[in-house]
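Remarks on the structure that follows.
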Amino acid sequence: MCLQSDLVDADVDPAVIEATRSALHQQLEDAELIHQPDEAHLQTAKERSEQLNFAISSLRRQLDAQTRDVVAPRFDAIADTSPRVASLKASIDAITQLRESWARVHTINADIRSLKSERRRINKDIKEKSEQLKARQSLLGDLSTEFGRLLTSWNLPWVDTAVIDRDTFLPAVNGQPFESLQASGGGITTSVNLACSLTLLKFGLDHADVLVPSLLVIDSPRKAFGNNDSDRQRASEIYSRFRTLADAYGERLQLIIADNDPPPVTSDSFGKVEFDYDNPMVPGVSHPGPDHVSRLEETADE
């Protein structure tokens with residue numbers, strides 16, 4: 001061994017060798033004795049393993065046989081159900097969208113109901129206003145008729161037709177609007193204004209829903225007319241109208257007429273206050289003195 005010199009046969013003891021051989025042989029026999037049970041146990045284990053493998057195979061075949069009719073149809077059913085599930089999901093999405101659409105429809109229907117209610121209210125208001133307008137138009141027609149009757153009763157040579165315009169609610173004579181009549185001046189303007197004012201005064205007294213003052217102040221009604229017989233006759237007719245109103249309505253109205261001449265007609269309903277340089281004020285009203293008054297021209301200049 002390892003470059004050591006071989007033993008010389010003379011150095012080997014045969015007895016030792018024999019003892020060693022016997023010991024080794026004994027160990028081998030002991031090992032075989034130990035190996036035999038292990039070999040038998042291994043063989044038993046192999047046989048048991050084969051039996052178990054056989055049992056496992058049998059059980060697998062049984063399981064396959066048992067699940068073939070149970071699991072496979074389930075998989076087929078699952079496979080068949082999957083498209084239906086997808087279809088149902090699509091239907092749910094569609095229904096969700098429809099629900100949102102229906103919600104908008106309900107909102108629109110609520111708006112429509114509100115608008116219909118508002119329309120009914122407006123139509124009712126329109127009907128009421130139309131009836132009121134119709135009544136007002138009837139009143140305006142009556143007012144126009146009375147105005148035309150009064151103005152034509154004065155036998156004015158320039159009057160053919162006289163009405164109250166339905167658009168402007170102002171007098172119109174011979175088709176001419178009130179602005180043109182005002183521009184004419186003189187007796188035409190005075191007659192038209194006076195006839196319109198008297199008509200409104202009487203109409204307001206006869207119709208409680210027509211709100212016009214029951215006070216009328218007239219300044220110099222005869223100033224714009226001439227002094228011939230027809231003019232004096234016309235003045236007499238105008239004052240006759242004053243007297244008719246005063247006699248008919250009494251204390252319900254008040255007429256204040258400022259004129260240069262005494263009334264051409266008499267009436268117990270008339271009261272007269274005369275002014276001159278010595279008595280320039282209404283009786284009972286004291287003059288504050290010249291130092292406490294100013295002329296209208298001076299006031300206008302300011």
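The values are calculated or read from the model by the stated rules, or taken from the named source; none is laboratory data. Quantities reported herein were computed from a predicted structural model and do not represent experimental measurements. Glycine also receives a Cβ, built like all others from the backbone with ideal geometry; neighbour counts cover every protein chain displayed.
Values computed for the structure shown
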item	result
Residue satisfying condition, being touching a residue at least 24 places away in the same chain (Cβ under 8 Å), within 16 Å of Pro263 (Cα to Cα) and not aromatic (Phe, Trp, Tyr), within set Ser236, Ser214	Ser236
Residue, modelled with the highest pLDDT, within the stretch 150-186, restricted to residues that are exposed (fewer than 13 other Cβ atoms within 10 Å of the Cβ) and hydrophobic (A, V, I, L, M, F, W, C)	Phe169
Residue in the stretch 188-198 that is more than 21 Å from Ser138 (Cβ to Cβ), in contact with an Asp or Glu (Cβ under 8 Å, 6 or more places away or on another chain) and of a type in the set (A, V, I, L, M, F, W, C) present	no
Those residues of the stretch 169-183 which are polar (S, T, N, Q) and closer than 12 Å to Leu156 by Cβ, in sequence order	Asn174
Residues satisfying the stated conditions in the stretch 69-96, i.e. basic (Lys, Arg) and at pLDDT below 70	Arg74
